[in-house]
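These notes are about the structure you will find just below.
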Amino acid sequence: MVITCIVKGCDNKEKVYSAVMFHRIPTHHIQRRAWLAALNKNQKTPLMTLKKWRVCSEHFTPEDYTCTGTRLKDEATPTIFKSLTQQSGSSPNAAELNDIQQDLPEQEENFFVGVPHSTPQKHRAEEPTATFKVPLSVQLTSPLRSSKPAVALAPTWTMQSETHHIEATVMDMSATSVFDVSMTSEPAVDTADTSFVPNSSPSTTTTGSSSSISGQARGWKERKWIVNESKLLELFQKCTTCGAAMCDLNQTVTQFGSRININWQCSNGHMGQWESCPNIRGMVENNLFAAAATLFTGSTYTDIADWAGLFNLQLPLESTFYNIQASYLLPVIEKSYTQQENIIKARLICQSEDGEGVQLSGDGRSDSPGHSSKYNTYSFMDDSTNQIVRFEMMQVSQASSSVAMEPLAFKKGLEKILDEGIDVKVELLRRWMSLQHHITGVHRWEENGMEYRCFHQDLSAEEQRTKRWLKGNSPAFKALQAMIMDTRLIKDLQKMTLFKHTGQLEVFHNALLKYCPKRLHFQYPSMKARTMLAIMDHNENHSTKREQATTAAGGY
């Protein structure tokens, strides 16, 4: 079921990457009356209907939220309506709202510590196919310039009637907070690789440079062409200033990775410099884009270099590629992944706070079969949405063997999910075993270095005193404990625990092969970033409806 906002005139819907949050109508009668009055809804609306209603965060002010920005204050009511007064013909009774809010209880304990605020954004029209809705942006800063930051965005595949083409997304990052890495702290580079070394002086451009059609986009979205060098040099046969012929001896051609520079001089002494792409604060623009396009599509430098080598297409050297990846691309991927993960976690925390609980399934994936694995990636999936909630990557050096990595990754990941305040409901076996503590009046205990508690509410001192608990050394307790911990019963209960299909997790693991092929080895930072790319790709595209392929005759 698609969650939509019930406010008249609001068309917000819950989406994977949307920063808009959706809030339930409060169940407390005073708060419920305040909300219904503000929304101009009937106060006698049945509770079963109210449970299905949601109000999005765009109808609340920042002051309505707690310090973490994800939980509404108890006294908060929706107050922002675009044209609700004109549409409904009347406005909510302000005096009634004030009277109701005076009776609101004090603010509850904050359950959203550590969950960052998500700023609501305007929705764009939905594409027929999947896109990276959160761009992977790169901002390079220089102490000498203050121009707009460069943006490296993942390519967007757009379906057209008969052909496919790549359409990139451009953002104006001047008013956006993006990852910032200063060029003043560059990593060590190969001295023979000049493609990553900033030029000593700003490049100059003649009238014969990259001037193009008025209004054409720059950066990632600007179209690129494969041009033979001989055809390119035909443009430098005559001077653009006086028309005099140019001598080949007065032309100097230099290469900076994927960029070609031409210094020319005509017989009358006019001279100039031309470059095939601009610099981004000391870095060749197309070198950055080539590295980003390689990593963001799950490819490797070896794959691209082999293809380019057969084509004799010029690319930045391998050392340049890995320096760009480590300094700029990996941090950008982690930032974008964290944004998506925080949105998903905030939704699950709200779901837990509403008492619904979360149904998760999990599975581990090793980077190679058998007992020679170096990495194990354990992924947790929300069964209701098929979204990957969290992953935990374990190295063999952290475990006693490659076989032991999966249970360790599972335990570590589940503990972090529970620490976030997400209520995971699949715990049949542990609840059964907890009976041996409850019947003796012990409701909090430690087991395997972790603290557990009974699922019931805390008992009052009077309830705890008057109940007839079994003594831990009594024959009755020992007999009951023997029944609870019976080996055969425990074995049966393990099979009776809520059965989970992991088919969708296998679908994700198949997508993970695109970014982390098992036959290739990656260093830990690269393996982690590629896993994040796979998760973002899966969470965006797992529910995308694709048209069935047809033949030229129209058949299937």
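The values are calculated or read from the model by the stated rules, or taken from the named source; none is laboratory data. Treat the numbers as computed from the prediction; the structure is a model and nothing was measured. Counting neighbours? That spans all protein chains shown, and the Cβs are built from the backbone with ideal geometry, glycine included. Please note that ligands, DNA and RNA were not included when accessible areas were found on the heavy atoms of the full protein model with its side chains. Shrake-Rupley method; radii C 1.70, N 1.55, O 1.52, S 1.80 Å.
For 329, 235, the ranking by accessible surface with the largest value first comes to 235, 329, using a 1.4 Å probe. With the charge dipole of segment 255-362 set up from +1 on Lys and Arg Cβ and -1 on Asp and Glu Cβ about the Cα centre, the Cα lying farthest toward the positive end among the listed residues 340, 284, 261 is that of 261.
Classification of segment 339-404 by its C-alpha gyration tensor yields a prolate form. The axis ratio a/c (a ≥ b ≥ c) is 1.5 or more, and a/b outweighs b/c.
At a Förster distance of 51 Å, what's the computed FRET efficiency of residue 453 paired with residue 234, Cβ-Cβ distance as r, to 0.05?
Values: r = 79 Å, r/R0 = 1.56.
Rounded to the nearest 0.05, the efficiency is 0.05.
Computed from the Cβ-Cβ distance with R0 of 22 Å, the FRET efficiency linking residue 8 to residue 51 stands at 0.65. Checking the a/c ratio against 1.5 first, then a/b against b/c, what shape does the Cα gyration tensor give for segment 280-414? Judged from the Cα gyration tensor, segment 280-414 comes out oblate (a/c at least 1.5, b/c at or above a/b). Centre-to-centre, using Cα atoms only, segment 319-369 and segment 500-542 are separated by 11 Å.
The label point for residue 477 and the one for residue 400, both projected 7 Å from the Cα toward the Cβ, are 3.2 nm apart. Projecting the Cα atoms of 351, 403, 327 onto the dipole axis of segment 323-404, where Lys and Arg carry +1 and Asp and Glu carry -1 at the beta carbon, places 327 farthest toward the positive end.
Over all directions, the projected convex hull of the C-alpha atoms in segment 1-80 averages 5.5 nm² in area.
Dipole check for segment 1-80: with +1 at the C-beta of Lys and Arg, -1 at the C-beta of Asp and Glu, and the Cα centre as origin, the magnitude is about 440 Debye.
Converting phi to 3J(HN,Hα) with the Karplus coefficients 6.51, -1.76 and 1.60 and the offset θ = phi - 60°, segment 236-243 yields 10, 8, 10, 5, 6, 8, 10, x Hz in sequence order, with x at every glycine or proline. Around the amide H of residue 256, modelled in the peptide plane, lie the amide H atoms of 261, all under 5 Å away and 5 or more residues distant in sequence or on another chain. If R₀ is 56 angstrom, what is the calculated FRET efficiency for the pair residue 245 and residue 326, using the beta carbon separation as r and rounding to 0.05? Efficiency computed from Cβ-Cβ geometry: 0.75.
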